[in-house]
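Trainee: Input: one structure, supplied below.
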Amino acid sequence: MEKHSCSLHHERKCKGTLATLLCSPAKRSPTHLHGLQRPVPTMAYSLGIDVGTSTVKVALIDVAGEEVCGEFYHPIGGNHADVDIPAARERNVADILLSLEDCMKDLESNEQLQQVRTVGVSGQMHGCVLWNDDFKLNFSSSMEADCNLSPSCSHLITWQDGRCDHSFLTSLPKGLAPVSTGYGCATLFWLQRHRAEMLKNFTRAGTIMDLVVWGLCKMTKKNGIFKEGCGDNTVVMSSQNATSWGYYGNGQWQKDL
């Protein structure tokens, strides 16, 4: 069974094909009222993105009418990444992002997409992906060819990962609640002990949802041009996802470990 949670809603700030689709000016038809020409109020739509374990789904929703205007899904291509770690379950993030791109292309002909005002992201919980500030949501042909985002982004270590055996888990600091293999914090402890050099390549960590939201928020449209660094690239993990990682409770992380 897939494990899902919802990330925070964010105002539309994005780049690449997603940015082109979401951030184009909404088309407004003029109407006459008492001899004056005024724009018809633009309807508000919300885009839902679900990054699952095996598929990516998107849905366009009329907020006022609570009506689904379009929905598509694409399976995540490729196989689990081949890593030399017993019981490991990792996914190449490029495969996931390409499935997201395919979903957005399916929605491209929907005129309401230009009127999206909010984006909600949900997806698989517990899993852990690491990245640095060089990471971009860039769906280029070169990425599709080699399906590799290294060194700006690690594989997604999924909630199905089994590298943290019982002996390792019992060696971890005591948390507010027990942690299991596949939980983000347990994975980070494992990497700290067994792949410390790898951690030096990255400055951020989160669920796959956090990575997608961070990528969308990293770029924003300013004066009609997408510029790097002018968007809010500080993404806060939701409390549900933080709890699924372990070592989180009462609205804060356990920092004294």
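The values are calculated or read from the model by the stated rules, or taken from the named source; none is laboratory data. Bear in mind that the values here come from a model prediction, so they are computed numbers and not experimental data. Here the Cβ is made from the backbone with ideal geometry for all residues, glycine too, and neighbour counts use every protein chain on show.
Trainee: Filter region 123-148 down to residues that are modelled with pLDDT of 90 or more and of a type in the set (Gly, Ala, Ser) and give me whichever is surrounded by the fewest Cβ atoms within 10 Å (Cβ to Cβ).
Mentor: Per the criteria, the residue is GLY123.
Trainee: Additional query: Give region 75-131 a look and list any residue that's of a type in the set (Gly, Ala, Ser), over 14 Å from LEU211 (Cβ atoms) and either in contact (Cβ under 8 Å) with a residue 60 or more places away in the chain or in a strand (DSSP E or B) (or both), or say none.
Mentor: GLY78, ALA81, ALA87, ALA88, GLY120
Trainee: So in region 64-81, with the set limited to residues that are exposed (fewer than 11 other Cβ atoms within 10 Å of the Cβ) and either at pLDDT 90 or above or not aliphatic (A, V, I, L, M) (or both), which one is nearest to GLY123 (Cα to Cα)?
Mentor: ASN79
Trainee: Of all residues being without any contact (Cβ under 8 Å) to a residue 60 or more places away in the chain and among the β-branched types (Val, Ile, Thr) in region 48-63, which is surrounded by the most Cβ atoms within 10 Å (Cβ to Cβ)? Just the residue, please.
Mentor: VAL56
Trainee: Restricting attention to region 23-44, does a residue exist that is on the phi > 0 side of the Ramachandran plot, modelled with pLDDT of 90 or more, loosely packed, with under 15 Cβ neighbours inside 10 Å and over 15 Å from the mean Cα position of the chain (by Cα)?
Mentor: Checked region 23-44: no residue is on the phi > 0 side of the Ramachandran plot, modelled with pLDDT of 90 or more, loosely packed, with under 15 Cβ neighbours inside 10 Å and over 15 Å from the mean Cα position of the chain (by Cα).
Trainee: Considering each residue of region 97-122, count those that are more than 14 Å from CYS69 (Cβ to Cβ), modelled with pLDDT under 90 and either of a type in the set (S, T, N, Q) or in contact with a Pro (Cβ under 7 Å, 6 or more places away or on another chain) (or both), and give that number.
Mentor: Total satisfying the criteria: 1.
Trainee: Looking only at region 200-216, which residues are surrounded by fewer than 18 Cβ atoms within 10 Å (Cβ to Cβ) and either β-branched (Val, Ile, Thr) or modelled with pLDDT of 95 or more (or both)?
Mentor: THR203
Trainee: If you check every pair at least six apart or on different chains, which have Cβ atoms under 6 Å apart with a residue in region 167-196 that is part of a helix (DSSP H, G or I) first and a residue that is surrounded by fewer than 16 Cβ atoms within 10 Å (Cβ to Cβ) second?
Mentor: These pairs meet every condition: LEU191/LEU199.
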